[in-house]
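No lab work stands behind these numbers, since they all come straight from the coordinates. Fair warning: this is a prediction, and the values are worked out from it, not measured in the lab. We place every Cβ from the backbone using ideal geometry, glycine too, and count neighbours over all the protein chains shown.
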Amino acid sequence: MMMKARWHAFRKWAVQTARLCCGVPDYDVYVKHLREHHPERKVPSYPEFFRERQIARYKGTGGRCC
């Protein structure tokens, strides 16, 4: 059982690292940030979040809100 938990943690880390290398932030971290710092905003679905990140990255209009 311990090995299965370690494998799951490693897989989650590897997927997060790959996404960050491609310029896609972690969705769970983004949702947490929105809820803590911008509670008035609607939380986007993952496909909405992914598309918005792609547009921000490739259109050159990206930036940080905070």
TODO: Just grab the label-to-label distance for Ser45 and Phe10, each label 7 Å out from Cα along the Cβ direction, in nm (one decimal).
DONE: 3.4
TODO: Would you compute, for the Cα atoms of the chain, the largest minus smallest coordinate along each principal axis and list the three values in descending order, in whole Å?
DONE: 43, 27, 21
Open item on the list: I want the local charge near Lys42. Using Cβ-Cβ distances under 14 Å, sum +1 for each Lys or Arg and -1 for each Asp or Glu among the other residues.
Closed with: -1
